Structures are given as C-alpha cells and as structure tokens.
1. Take Gly99 and tell me if it is surrounded by 16 or more Cβ atoms within 10 Å (Cβ to Cβ), over 16 Å from Leu65 (Cβ atoms) and either under 11 Å from the mean Cα position of the chain (by Cα) or not assigned by TED's automatic domain parsing to the domain that holds Ile189 (or both).
2. Could you look through segment 195-241, keep only residues that are crowded, with 17+ Cβ neighbours inside 10 Å and of a type in the set (Ser, Thr, Tyr), and pick out the one that is nearest to Val252 (Cα to Cα)?
3. Just for strands (runs of 3 or more DSSP E) wholly inside segment 173-264: which have at least 3 residues that are within 15 Å of the chain's Cα centre (by Cα)?
4. Among the residues of segment 125-135, how many are hydrophobic (A, V, I, L, M, F, W, C) and either at positive phi or surrounded by fewer than 19 Cβ atoms within 10 Å (Cβ to Cβ) (or both)?
5. (1) touching a residue at least 24 places away in the same chain (Cβ under 8 Å); (2) farther than 26 Å from Ser80 by Cα: which one isn't true of Gly210, the others all being true?
6. If we scan segment 159-167, do we find a residue that is out of contact with any strand residue (DSSP E or B) (no Cβ under 8 Å at 6 or more places or on another chain) and in contact (Cβ under 8 Å) with a residue 60 or more places away in the chain?
7. Residues of segment 228-280 being farther than 30 Å from Gly74 by Cβ, touching a helix residue (DSSP H, G or I) at 6+ places or on another chain (Cβ under 8 Å) and in contact (Cβ under 8 Å) with a residue 40 or more places away in the chain, which ones?
8. In segment 136-172, what residues are surrounded by 19 or more Cβ atoms within 10 Å (Cβ to Cβ) and assigned to a loop (DSSP other than H, G, I, E, B)?
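The values are calculated or read from the model by the stated rules, or taken from the named source; none is laboratory data. This is a predicted model, so every value here is computed, not measured. Here the Cβ positions follow ideal geometry from the backbone for every residue, glycine too, while neighbour counts run over all protein chains shown.
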Amino acid sequence: MKLRKILIQIGVLLLAIPVMMLSCQKLDNNDPAPAKKDNIQLSEKMAAYESLGIAYEKSVGPSDLIYAATLCPGNDIYASAVAFTINYPANWMYYKFYGVAGQNVNISLVRVSCQMDPAFSLFFGTSATTEGIYYGGSTNPDLQWLIFRDDNLDPPAFCENSCFAFWDPNGIYTLPYTGWYTLGVYDFISCGGVNLLNYHLTINGLTACGTIVIDGCDTYVNNLMVDGYYMQYHIDQLAVNPKNHGAYVSSVARLCAGWVRNGLITIAEKDAIVACAAESGIPYPD
C-alpha cells in the first residue's frame with residue numbers, strides 16, 4: 001500500500017510539471033490575457049493562406065530593410081500595408097524604437113481598412129537587410145526574434161459587418177534588453193481584394209524617442225523630452241550657423257551641463273554627447 005501511494009504521488013507530480021512549465025512561459029511572455037483564438041485558428045489561417053491563388057505582387061527574396069519611422073512616445077502612426085505579406089518580409093513595413101530592459105511596452109495594431117488582417121513581429125536589433133527573417137523567427141545575425149502577435153484584440157466596431165472575422169493584434173511585452181528594436185508590420189490574410197490596406201499603430205510605455213545622434217555618431221543617450229521638444233532638437237538647433245567648430249562644441253557642452261544639473265542626464269552621458277559633437281564636422285564647409 002505504501003509503495004502504491006508513493007507511485008501515485010510521483011504520477012501526480014509528473015503530470016503537474018508540464019502545467020508549471022506552461023505557466024512560466026506565459027509569465028515570461030507577459031501575455032496580458034489568454035488569446036481569444038487558439039493555435040488551431042492560426043493553423044487554419046495558414047492553410048487558408050496557402051490555398052489562395054494570391055494575385056498580388058510578391059517579393060521572392062531578401063531586400064534592403066528600410067525603416068518607415070522611429071517610434072517615439074505618444075506617436076500615432078497611420079500607414080498602409082501590402083496585402084497577403086506575412087510570408088514576404090521584403091514587403092513588410094518596418095519601424096524601430098529604442099527601449100530599456102524591463103520596460104513594459106504596449107504595441108497596438110488596429111485595422112483602418114476593414115479588409116485587413118493585421119499582424120506584427122518584434123525583433124531585437126536593427127538590420128540593413130530582410131534576409132533570414134520571417135514572422136516567427138530569424139536567422140539574421142542582427143535581428144533576434146522576440147514575439148509574433150495576431151488575433152487578440154477586437155477589431156473596430158465599424159468593421160463588425162465587414163467580410164472579415166479575424167481579430168487585431170496587441171499586447172504588453174517586457175523588453176528583455178536595452179537597445180534598438182525592429183517592429184515588422186504586415187497583412188496576414190485580407191479579404192475583399194483591397195490593396196493597399198490602412199492601419200493605425202501605437203506603442204505606449206517608451207520613455208525616449210531613440211537616442212541622440214550627432215553627425216552620424218550615436219551617443220547611446222536616451223532622447224528625452226525637454227521643454228516641449230526632444231533633446232535631439234535642442235542639439236540640432238545649436239548646429240545652425242555656429243561661429244566655428246569650437247564654438248559649436250562649447251555650446252553643446254553648456255547645454256548638457258544644464259541637463260546634468262537638472263538631473264536629466266548623467267555626467268557620463270554628457271561626456272558621450274560632447275565627444276560626438278567634438279568628432280563631428282559641424283559646421284560643414286560651404
């Protein structure tokens with residue numbers, strides 16, 4: 001009896017392990033709520049996608065990766081995507097943003113064209129090429145795949161009676177690293193023969209609009225808002241008709257010293273900004 005009881009306890013423990021592992025995965029992915037459509041629907045959608053005779057122009061290989069914009073706090077992005085492009089990263093729309101490890105960002109992609117089935121993929125890093133990336137992974141050495149989002153947000157109410165029944169993507173995600181991120185936006189399986197497809201992209205939780213860059217030199221200092229403008233704007237204004245290079249560097253140093261006194265940046269960050277200003281070619285020769 002004692003042996004049988006022990007064996008039963010071991011069996012219960014073994015059955016519990018997968019559940020525990022699944023729970024940990026959900027926490028690690030920081031999913032705010034269970035998806036309203038499960039993996040079976042994803043498989044069905046992929047099967048439907050493959051069965052269609054897609055007439056739209058498709059990219060056949062990698063291409064240059066061109067960023068449409070740098071995402072900043074408070075951005076409202078309205079843009080258009082090519083239909084049926086989930087399997088064609090060369091035709092995605094790309095955005096980048098600078099994030100800090102531990103930040104919780106909420107990415108929301110909502111259709112404006114009711115025929116669109118929006119989805120997105122998030123990668124850590126930036127790249128000049130789409131080679132090696134797809135919606136659920138990456139072999140591109142510059143882009144580490146992080147998440148894929150598809151159907152977990154009700155589409156807009158005005159699309160209720162449209163031809164499309166699938167949902168829109170959003171989700172809160174805890175950024176694992178400090179640095180630049182790449183967001184790829186695309187259409188999964190649209191309906192109605194519309195091309196291009198309009199969408200609305202927002203991202204909440206960012207604290208900076210990228211990093212401060214001077215004449216191509218990245219300071220890796222967060223581009224924060226100061227007096228209604230980003231730091232980059234204030235520094236760029238100093239590059240407008242300075243007396244000479246030395247005067248420009250001195251004015252940047254004075255500006256940064258004030259930011260240090262106000263607790264906006266550290267002394268090390270001030271030094272990084274001034275170093276990039278000193279290395280620049282500002283003012284440029286006529």
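1. Values: surrounded by 16 or more Cβ atoms within 10 Å (Cβ to Cβ): yes; over 16 Å from Leu65 (Cβ atoms): yes; either under 11 Å from the mean Cα position of the chain (by Cα) or not assigned by TED's automatic domain parsing to the domain that holds Ile189 (or both): yes.
Spelling it out, Gly99 is indeed surrounded by 16 or more Cβ atoms within 10 Å (Cβ to Cβ), over 16 Å from Leu65 (Cβ atoms) and either under 11 Å from the mean Cα position of the chain (by Cα) or not assigned by TED's automatic domain parsing to the domain that holds Ile189 (or both).
2. Thr219
3. 179-187, 197-204
4. Taking segment 125-135 as the starting set, the residues that turn out to be hydrophobic (A, V, I, L, M, F, W, C) are 128, 133.
Narrowing further to those that are either at positive phi or surrounded by fewer than 19 Cβ atoms within 10 Å (Cβ to Cβ) (or both): 128.
The number of residues fulfilling the criteria is 1.
5. (2)
6. Yes: segment 159-167 contains one or more residues that are out of contact with any strand residue (DSSP E or B) (no Cβ under 8 Å at 6 or more places or on another chain) and in contact (Cβ under 8 Å) with a residue 60 or more places away in the chain.
7. The answer is Pro242, and nothing else.
8. Asn140, Leu143, Asp150, Asp151, Pro155, Phe166, Trp167, Pro169
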